[in-house]
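Trainee: First, the structure itself, so that you have it in front of you.
What follows is calculated from the coordinates using simple rules that are stated; it is not laboratory data. Model, not experiment: these values are computed from the prediction. Methodologically, a virtual Cβ is constructed for each residue, glycine included, from the backbone with ideal geometry; neighbour enumeration extends over all protein chains shown.
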Amino acid sequence: MYRKIGGQGGSPHVPPFAIFFLLALPLWGQDRDALIGTWRLDFAESTFASGPPPYARVTCKIEPWEDGLKVTYDMVGERGGVTHWEWMGKLDGKDYALQGIEEVVTNAYSRIADHVYEVVAKMDGRITSTTRIVISPDGKVMTVTSTVPNAQSHRVVNTAIYKKR
């Protein structure tokens with residue numbers, strides 16, 4: 001489940017760049033211990049072909065939750081506005097709805113191999129992006145590569161690098 005808490009008012013609409021951030025930290029079951037902790041997006045090492053994100057800082061806290069994980073996102077905008085999201089779920093290949101937004105958005109998480117995962121995001125039932133997540137062998141770096149079609153139906157690839165704190 002996904003909840004937007006706080007923010008700067010206005011519509012709870014989720015812009016396309018935000019979906020990329022939402023996919024950055026999925027739920028894992030078998031080797032989730034590598035994910036437990038706090039992760040921070042490293043903008044300098046990341047590449048955003050779809051344009052720079054409107055955030056100055058993105059931090060994610062991952063903790064155990066029932067038989068899955070709870071992921072808490074705190075994003076600080078360039079002008080200091082704060083957006084706070086929480087997501088709870090598990091890695092089972094099923095769609096999980098994001099709550100508290102106007103669109104119907106789901107994410108389906110699958111384990112591909114040790115420390116390698118795939119996330120398929122859908123909006124109103126239509127696939128909007130596919131993301132591959134790779135955790136480094138030492139568990140300190142998470143590389144998130146997301147493929148998103150743009151308005152001209154071309155594939156745009158964004159790569160976000162998260163570092164464990």
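Trainee: Would you check which residues across the stretch 111-122 are of a type outside the set (Lys, Arg) and either touching a Ser or Thr at 6+ places or on another chain (Cβ under 8 Å) or on the phi > 0 side of the Ramachandran plot (or both) and list them?
Mentor: 115, 117, 118, 119, 120, 121
Trainee: Let me ask something else. May I ask you to list the residues in the stretch 47-82 that are in contact with a helix residue (DSSP H, G or I) (Cβ under 9 Å, 6 or more places away or on another chain), small (Gly, Ala, Ser) and assigned to a loop (DSSP other than H, G, I, E, B)?
Mentor: 50, 51, listed by residue number.
Rundown of residues vs (1) farther than 23 Å from residue 57 by Cβ; (2) in contact (Cβ under 8 Å) with a residue 24 or more places away in the chain; (3) surrounded by 19 or more Cβ atoms within 10 Å (Cβ to Cβ), yes/no style:
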position	(1), (2), (3)
90	yes, yes, no
95	yes, yes, no
98	no, yes, yes
114	yes, yes, no
125	yes, no, no
132	yes, no, no
150	yes, yes, no
158	no, yes, yes
165	no, yes, no
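Trainee: With the requirement that a residue be over 17 Å from residue 141 (Cα atoms) and either out of contact with any helix residue (DSSP H, G or I) (no Cβ under 6 Å at 6 or more places or on another chain) or of a type in the set (Lys, Arg) (or both), what does the stretch 112-126 give you?
Mentor: 112, 120, 122, 123, 124, 125, 126
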